Amino acid sequence: MTLFIFYCFAAVLIFAATMVITARNPVHAAMYLVLAFFNSAALWIMAGAEFLGIVLVLVYVGAVMVLFLFVVMMLDINLEKLREGFVRHLYIGLPIAVVMVVQMLLVVGSGIMDPATLPSGDLPIPEDAGNTALLGSVLYTVYVYPFELAAVILLVAIIAAIMLTLRRREGTKHQDPGRQVKVRKEDRLRTVDLPRNQQSGSR
Amino acid sequence: MTTADAFETPDLMLALPEIWLLAMACLVLVVDLFSKDRDHTPAFWLTQFALVSTAVITINLQWGVDATTFSGTYVADDFGTILKVAALGLGFLGFAYSRDYMRDRGLLTGEFYMLSLFAMLGMLVTISAHNLLTLYLGVELMSLCFYALVAMDRDSPRASEAAMKYFVLGALASGMLLYGMSMLYGTTGSLDLATIREAAATLEDNRILFLFGLVFMVVGVAFKFGAVPFHMWVPDVYHGAPTPVTLMIATASKVAAVGLFLRLIGEGLEPLIADWQQMIVILAVLSLLVGNTVALVQTNIKRMLAYSTFNHMGFILMGLLAGAPGGYGAAVFYAVTYAMTVAAAFGVVLLLSQKNFEADQLTDFKGLNERSPLYAFIMLLLMISLTGIPGTVGFYAKWLVLKATVEAGFVWLAVLAVAGAVVGAFYYLRIVRLMYFDKPEGAGPQPSGSGGFRAVLTLNGLAVLALGIFPGALVAICMAAFAP
C-alpha cells in the first residue's frame, strides 16, 4: 500500500515538473511548481521527514511561490521569445538528456541502491522520537557552524538584493521619506507682499 | 559523533579567522552605513585591516596545527593556512587596485567592500571545510557574492548578461555538486569527510554508487575552476564584469577552487585516486588545448586572460592529478603564484583605465614603454612569468608541476603541456612586442591612479621577479604543508 501511494505521488511529481517547463502560460507553470512542491513534501513525510515536509509547504508553497506568482503576474513576459529556442535546441538537448537518463537508470537500476546494502544514516530515528525533536537537538549543537553559515548567506542575499535594485535612475518616480520629514514651512509656503493696486481699489 | 549526546563545546579559538572576518564584515556594513564619506574611505581601510588581521590570525593560530572543531565540520591545517593567507592577500591587492576605477564609474559603494569581504569569508570556509555541508555552504557563499558583484554595474548590458550566464550556469554546477554529494551521503551515511575517506578505502558492493557521485562532484568542481569543457562562462564573465571583480574571480576564487578540490576530492576521496585521475586528465588536456589555441585570436586583454586561464588551470589540474604530496604542493604553489601574477596584470589594466575609458584592448598597450617605462617593464615581467621563462616565478611553478606529472607517470601529458606553453608564449610575448616596438595610435592611455595603488602594483610586479630568483622559501612552505 505504501509503495502504491509512493508511486502515485512520484508520478504526479514528475508530471508536474515536466509541465513547469512546458506549460505555455507562466502562471500555470508556477502553479505546477506548487503542485510539484506539494508532492515532494508528501514524499518526504512518507520517508519520515515530516518536519522538512511541513517546512517545504509552509516556506515554499506558502511564501516563496506566492511572491513568485505576484512577480510573474506583474511582469509582462514575452512568451513567444522565451519559447523560441525550445524546439530549436531540442535536437541537441534531447539526445544528451536521453543519454544521461539511460546512464543514470543503468546505475540506479543495477540494484546498487538496495536499502539492505546501504548503511543506515547517522541519525537512526528511534520509534518514540519525532523528526522535529531530533533536528532541534542537533541544529544548534552539532550543526551550529553550517547553521550560522546559512544565516550569513541570507545576509548576503539581503545586501545583494538591495544593492541590485535600490538605485536612483533618471525618470523613475520615487519618494525620499527623509526629505519629506525634514521639510520646513519655508520650503512649501511662499509669502509674497502683493502691492496694493492704487487705481482700481475694490472698495 | 553527529548526535547531540556526544556534543562537545566547540573550540572557537581555532575558527577565529572566520569568526573575526565575519565580525569585521558586519562592522564594515554598519560603519559604512553611518559614514558620510563619499569615497567610502572608512570602509576601504577597515576592509584592508580586516584582511591583513585575518591573515595574521590565520598564521598564528593555524600554521602547524592539524585539528578539527565544531564537531568535525571545521578543520585547520597547514595547506589550508597557505591557501587562506593567499586568498586574503589577493583580496588585499584587489581592493588596493580597484578604488580609482570604481570611483570613476560610480561603482564605489560600500556594498562592493561588504560583498567582497563575504566572498572572502566564503573562500575561507571552503578551504577549512571538513564536512560536505560546510564545503557546499562555503562555495555558495562565495559564488552568491560574485554573482551580485558581476551584476554591480546595472547600466552595462554586458555586465548583466555576464551575471545572468554566471548565475544560471553556477546554479547548475551547484546542483551537480549537491547531487554528487547526496550520492556520497547515501553510500556512506555520513557527511564527514574523514568518515567518507574511510568508507572509500573499504569499498565493497557500492563502488559504482560512489563513482556515480564522484562524476557529478568532479563536474561541479571543474566548473568552479573554469576547466574545459565547463568553461563557457569564463570569457563572458571576465569581459563583462567590472575589472576589479574580474580580478577577484580570476585570482582569489581560483585559490579557493584549489582548496575545494583538495578537500573534497584530494582528501575525502583520496583512496579512489585511480578513478578520478582519469577524469582530471581529460579536463587538463582539454583545458590546455582550448586555452592556448583560442587565446591566440583574442583582441581584448580581459578575454585573452580568460582563455589563457584555461591553460593555467590545466597546469594546476596536472599537479592535482599527480596526487602525491609533491603534486599537491606543486599545484598550490602554481595557484598562488599564478594568481599573484594575474592580479598584477589586471592591476596594469586598471592603471591604464581612465574615466569613461577601458584600457582592455590589446592596442591600448602599444608603445607603453615610451609613456611609462616602469609599468611597461612590470607588464613585461608578468607576461614572461605567465609564459614560464626562467628568471620569473612562473618558470618554477611550471617546472614543479611538470616534475610531479612525470613522477606520476604521465610523461605524454607533460610533453603536451610544454608544447602548449610554447604556443602560449606567442600571445603573451605579443603584448611585449606591442609595448616596446609599436607606436601608439594617437596619444594612448596614460597610467593614472593614486600613489598607494602604484606602489602596491610595483611591489607586486617586482615580487614576481623576486620569487623567480629566490623561490626556495615559498616552495619549501608549499611542500612542507603536504609532507606526510
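What follows is calculated from the coordinates using simple rules that are stated; it is not laboratory data. On a predicted model such as this, the values are computed, not experimentally measured, just so you know. FYI the Cβ positions are ideal-geometry reconstructions off the backbone, even for glycines, and counts take in every protein chain you see.
Pairs of Cα atoms nearer than 8 Å and 6+ residues apart set the relative contact order; for chain A it is 13 percent.
The charge dipole of the protein assembly as shown, taken about its Cα centre with unit charges on the Cβ of Lys, Arg, Asp and Glu (plus for the first two, minus for the last two), comes to roughly 3120 debye. Extension gain for B:I208 to B:K36 (0.36 nm times residue separation, less C-alpha to C-alpha distance): 55.9 nm.
Every helix of 4 or more DSSP H residues in the protein assembly as shown counts as -39500 (n - 2.57), and over all residues that averages to -23000 deg cm²/dmol at 222 nm. Express the relative contact order of chain B as a whole percentage, based on alpha carbon pairs under 8 Å and six or more residues apart in sequence. Averaging sequence separation for qualifying contacts and normalising by length gives 15 percent for chain B.
Based on Cα contacts under 8 Å between residues 6+ apart, region B:370-484 shows a relative contact order of 43 percent.
Along its first, second and third principal axes, ordered by size, region A:1-77 spans 45, 24, 11 Å in Cα coordinates.
Stokes-Einstein, applied to the Kirkwood radius of region B:115-214 over Cα pairs at a viscosity of 0.692 mPa s and 37 °C, places its translational diffusion at 219 µm² s⁻¹.
Taking the Cα centre of each part, how many Å lie between region B:301-377 and region B:1-77? That distance is 29 Å.
If you sort the three axes of the alpha carbon gyration tensor as a ≥ b ≥ c, you get a/c of 1.5 or more for chain A and a/b above b/c, which makes it prolate. Tilt of helix A:144-165 relative to the longest C-alpha principal axis of chain A, in degrees (0 to 90, nearest 10)? Relative to chain A, helix A:144-165 is tipped by roughly 40 degrees. With neighbours defined as other Cβ atoms within 10 Å of a residue's Cβ, the residues B:W276, B:W63 order from fewest to most as B:W63, B:W276. Of interest is the spacing of the C-alpha centroids, which for region B:195-212 and region A:20-50 amounts to 33 Å. Normalising the Debye intensity of chain B to I(0), with uniform scatterers on Cα atoms only, and taking log10 at q = 0.06, 0.10, 0.12 Å⁻¹ returns -0.25, -0.70, -1.03. Ranked from largest, the principal axis spans of the Cα set of the protein assembly as shown equal 106, 83, 56 Å.
Helix B:41-62 and the longest principal axis of the Cα set of chain B meet at an angle near 40°.
Specify the angular offset, from 0 to 90 degrees and rounded to the nearest 10, of the alpha carbon long axis of helix B:78-104 from the longest principal axis of the alpha carbons in chain B. Once rounded, one gets 30 degrees.
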